[in-house]
Each structure stands twice: as C-alpha cells, then as structure tokens.
Amino acid sequence: MYDYLIVGAGLYGAVTARSLADAGKKCLVIDKRPHIAGNVYTEETEGIQVHRYGAHIFHTNSRQVWDYVQRFAEFNRFTNSPVANYNGELYSLPFNMYTFNKMWGVVTPDEAAAKIEEQRRAAGITEPTNLEEQAISLVGTDIYEKLIKGYTQKQWGRPCDKLPAFIIKRLPVRLTFDNNYFNALYQGIPVGGYTKMVGNMLDGIETRLNEDYLADRAAWDKLVERVIYTGPIDAFFGNSLGNLEYRSLRFETEVLDIPNFQGNAAVNYTDAQTPWTRIIEHKWFEFGKDAQGNDLSKTVITREYPSEWKPGDEPYYPVNDEKNGKLYEQYRKLADSEPKVTFGGRLGEYRYYDMDQVILSALEKAEELL
Ligand code: UDP
C-alpha cells in the first residue's frame, strides 16, 4: 500500500519523507506522540513559542542544509549567547575574552592564553583522555571548576573523568570578545516555531499520530515495502542485547506575570548544588517580544532537570562512552541484517547529532535509497 513507512515525525523522519515523496514515492509517517516534530516541537503559550523538549537553536556550516531549511521556514537572526550563573557570579559563554576577563582580570588575548597555559601545565596534562582533562587543557582549572564540572556532572550523571572528551569540544574557546555560542556560518530560529517548519516538510504526506510501531510491528510491516525507523535502536530489537543508556530530561515550565525574568534566552546554572542545569526564557528566542516593545507583559520560563533514562521516560541524549559504544556496535550489526529497515537519527543511530547533522544525514540516506 505504501512504498515507505517512516516511523517518527521528527526532523529525520520529516526530511526523509519529504525527499521520498518528492521523488514520487508513497509515504506514510507515523509517530507515537500526539504531535509531529519530535523533540524540536514548539507550541504557543501566551503568544510565545515554547520549546517543549528543550531549547533548539538552528545552526550550521552547511550551505546545502541552510538553503534546504529555507524552503520550509523563514529564520530570524537569533544568536545564542548563554550566560553562566555560578552561585550568583555571571560569566559569558562560550569561553571567550569576556569570560577570561571576569575570571582572572586579564585584558589581552596573550594574557588569557598565558593563564590557560599556566593552569594546564600545573595540572600536568599532555594528551587529554577524558572530558575533565580535555576541559582543563582547553580553558584551565578555574573555568573547569566553576563553569564545567558541576554542570557536566548534573547533565550526564557521571563524573567528568568518566565522560568522553568530544562532548566538551562542542563548545568553542576563543581569544576574542565574541559571545556567539556557535562557530557556525548560519544561525537562527524558524519564525512561527519548529512545528510549523516540520509541518511544511510533511505537507501533503499522510501522517498518523498516536501510533506505536513497536506495539504492532508485523501489522505495519505488511503495509509497506520499506521502513525508516527513527526510534531507539535497542528498543527496535526488544533490548535483547541489553539497554543502551540515555540521559533524559524533565522540564518545569511556568508562566510568569512579569515581562522579563532573566534578560536572556538561556542561563546555565553551573554549580553542582542547583538541581536544574539551565533556565530557558522562551520569548528571547523571538523578536518583537521584548519589554520595551511592551508587546507582552508575561513571560514563559522552563527549568531543565537531567536524569538517567529509565523505561517509560523520553530518551534525549545517547551516552556515547566506551561501554555504550560497544553495545551499540552489536545492535548496529543486527540492524545491518534487517533487509527491510533503515535506521536513522539521534536515537536510530545512537549519536549526539545536532539538527543540521540530522538533516544532512537524512538527505543523504534518502538519496541513497532512491
Ligand atoms: N557545558 C558545560 N557548561 C556549560 C555548558 C555546557 O560544562 O555551561 C558542557 C557540558 O558537558 C555539556 C557540553 O558542554 O554537556 C555540551 O554543551 P551543549 O550546550 O552543546 O549541550 P546541549 O545544548 O546539546 O545540551
């Protein structure tokens, strides 16, 4: 009845479905949630687009991906510049001259570089083998202690010396006065929200919500030639080789009767005691909703609490350490021997993908299938 069944209406599913449908294939998209857009889902509250499953800031170096998303949304010029709050002391992120000046009083790039080098040497690190050593060798012990250690341990629920170094390399370190969190050439947020953008991707493609593929796999498989599966790879195989570990998140969202809570979209709480990692104030992702413009007297904020994933929770982040890497490889082998199924996306490939990487990988996979 269909050429393709796409399991999951998130970015990976929507992009593959779009490419396949544009090539004349008959597609059916299903999702077990009551809405499309997966974890990039946004919904309007008090006139503000709320990022229901955590903040998503679109950024990419790929001209191809940037041109592609323009087909489905207009992007604003939002630039992510989170602020770190360490027990009431505020620091600029990512790590740049404003951060170094506040931390050490250094004024020039040379002074900052010398300070980092001095702390790196004192710690005796030559070849970093884990996140802690990587962080200290990039920014020194003071910044590690105040801005990285507590946040990372809350975020991942594991000590920094047990985490892979690549996670901290996501953050730029700059000897310039530049608070832009990303190095990407292109950056912004879709005007009107991500749900609208994903809806445009799925335009004209049959989409059924509240449908759980794994609950009745045989029946779904009968309908289609091929399945694109974007859920957790271990769940697909009934967790037969054991559970892959994920980090989950709990969100506490509040509408406040004030126009401005924290003056920025994201504030990271980098001490170990505060139970949340960050507070998002959603209106600052958009424009024309500022206090001066007196457009909105209210604001919506979300506190983000990380937790270890357990059955029934939403998986958000794969834990890409050695142990899980090995288990994933075993699942990957099982996946490779599934003749009818393609696995993709953050959960299907167990990879800490950003949105642009998901899109690129989905475009390439669709091309390959076609
Ligand atoms: N990180 C940190 N302090 C911060 C922000 C990030 O130590 O204030 C570390 C932390 O280990 C985190 C990693 O950098 O997991 C990557 O951060 P990013 O903002 O890319 O994470 P995401 O937004 O994907 O949760």
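The values are calculated or read from the model by the stated rules, or taken from the named source; none is laboratory data. None of the values given here were measured: they were computed from a predicted structure. Heads up, the Cβs are rebuilt from the backbone with ideal geometry, glycines too, and the neighbour counts pull from every protein chain shown. Note: accessible area is taken over every heavy atom of the protein model, side chains too, but ligands, DNA and RNA are not part of it. Shrake-Rupley method; radii C 1.70, N 1.55, O 1.52, S 1.80 Å.
Here are the numbers for the structure shown:
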read-out	value
First in segment 107-121 and on the phi < 0 side of the Ramachandran plot, second anywhere and exposed (fewer than 13 other Cβ atoms within 10 Å of the Cβ), Cβ under 8 Å, 6 or more apart	Pro109/Thr176
Qualifying residues in segment 31-77 (those that are on the phi > 0 side of the Ramachandran plot and small (Gly, Ala, Ser)) - the one modelled with the lowest pLDDT	Gly47
In segment 239-297, residue least open to solvent (accessible area, probe 1.4 Å) [restricted to those that are more than 15 Å from the ligand (Cβ to nearest atom), aromatic (Phe, Trp, Tyr) and modelled with pLDDT of 95 or more]	Trp284
In segment 60-92, the residues that are within 12 Å of the ligand (Cβ to nearest atom) and in contact with a helix residue (DSSP H, G or I) (Cβ under 7 Å, 6 or more places away or on another chain)	Ala84, Tyr86, Tyr91, Ser92
Options Lys196, Lys283, Lys222; residue that is among the basic types (Lys, Arg), under 30 Å from Glu367 (Cα atoms) and in contact (Cβ under 8 Å) with a residue 12 or more places away in the chain	Lys196
In segment 176-200, residue nearest to the ligand (Cβ to nearest atom) [restricted to those that are within 19 Å of Val15 (Cβ to Cβ) and β-branched (Val, Ile, Thr)]	Ile189
For Val224: the one exception among (1) away from the ligand (no atom under 13 Å from the Cβ); (2) open to solvent by 50 Å² or more (accessible area, probe 1.4 Å)	(2)
Single condition Gly345 does not satisfy, out of (1) open to solvent by 20 Å² or more (accessible area, probe 1.4 Å); (2) within 16 Å of the ligand (Cβ to nearest atom)	(1)
Contacts under 6 angstrom Cβ, first residue in segment 76-96 being in contact (Cβ under 8 Å) with a residue 12 or more places away in the chain and closer than 15 Å to Ala55 by Cβ, partner within 14 Å of the ligand (Cβ to nearest atom) and open to solvent by 60 Å² or more (accessible area, probe 1.4 Å), 6 or more apart	Val83/Leu90
Pairs with Cβ under 6 Å, 6+ apart, first in segment 329-342 and part of a helix (DSSP H, G or I), second at pLDDT 95 or above and open to solvent by less than 90 Å² (accessible area, probe 1.4 Å)	Gln330/Leu241; Tyr331/Ile233; Tyr331/Asp234; Leu334/Phe237; Ala335/Phe343
Residue pairs meeting the criteria (Cβ under 7 Å; at least 6 apart or on separate chains; first in a helix (DSSP H, G or I), in segment 142-155; second within 6 Å of the ligand (Cβ to nearest atom))	Lys146/Thr270; Leu147/Ala84; Leu147/Thr270; Ile148/Ile168; Gly150/Thr270; Tyr151/Asn268; Tyr151/Thr270
For Glu133: the one exception among (1) within 16 Å of the ligand (Cβ to nearest atom); (2) in contact with a Gly (Cβ under 7 Å, 6 or more places away or on another chain); (3) open to solvent by 40 Å² or more (accessible area, probe 1.4 Å)	(2)
Some residue of segment 207-215 being open to solvent by 20 Å² or more (accessible area, probe 1.4 Å), closer than 28 Å to Pro339 by Cβ and β-branched (Val, Ile, Thr)	yes
Tally of residues being out of contact with any helix residue (DSSP H, G or I) (no Cβ under 8 Å at 6 or more places or on another chain) and touching a residue at least 60 places away in the same chain (Cβ under 8 Å) across segment 97-106	1
Total residues in segment 165-175, condition over 17 Å from the mean Cα position of the chain (by Cα) and either open to solvent by less than 70 Å² (accessible area, probe 1.4 Å) or near the ligand (Cβ under 10 Å from one of its atoms) (or both)	3
Residue, nearest to Ile143 (Cα to Cα), within segment 176-188, restricted to residues that are of a type in the set (Ser, Thr, Tyr) and crowded, with 17+ Cβ neighbours inside 10 Å	Tyr181
Elements of type strands (runs of 3 or more DSSP E) in segment 1-112, at least 2 residues being over 30 Å from Glu349 (Cβ atoms), open to solvent by 10 Å² or more (accessible area, probe 1.4 Å) and out of contact with any Asp or Glu (no Cβ under 7 Å at 6 or more places or on another chain)	42-45, 83-86, 89-92
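Rundown of residues vs (1) hydroxyl-bearing (Ser, Thr, Tyr); (2) touching an Asp or Glu at 6+ places or on another chain (Cβ under 9 Å); (3) more than 30 Å from Ile148 (Cα to Cα), yes/no style:
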| site | (1), (2), (3) |
| --- | --- |
| Arg250 | no, yes, no |
| Asn264 | no, yes, no |
| Ile279 | no, yes, no |
| Phe285 | no, no, no |
| Thr299 | yes, yes, no |
| Leu334 | no, no, yes |
| Lys340 | no, yes, yes |
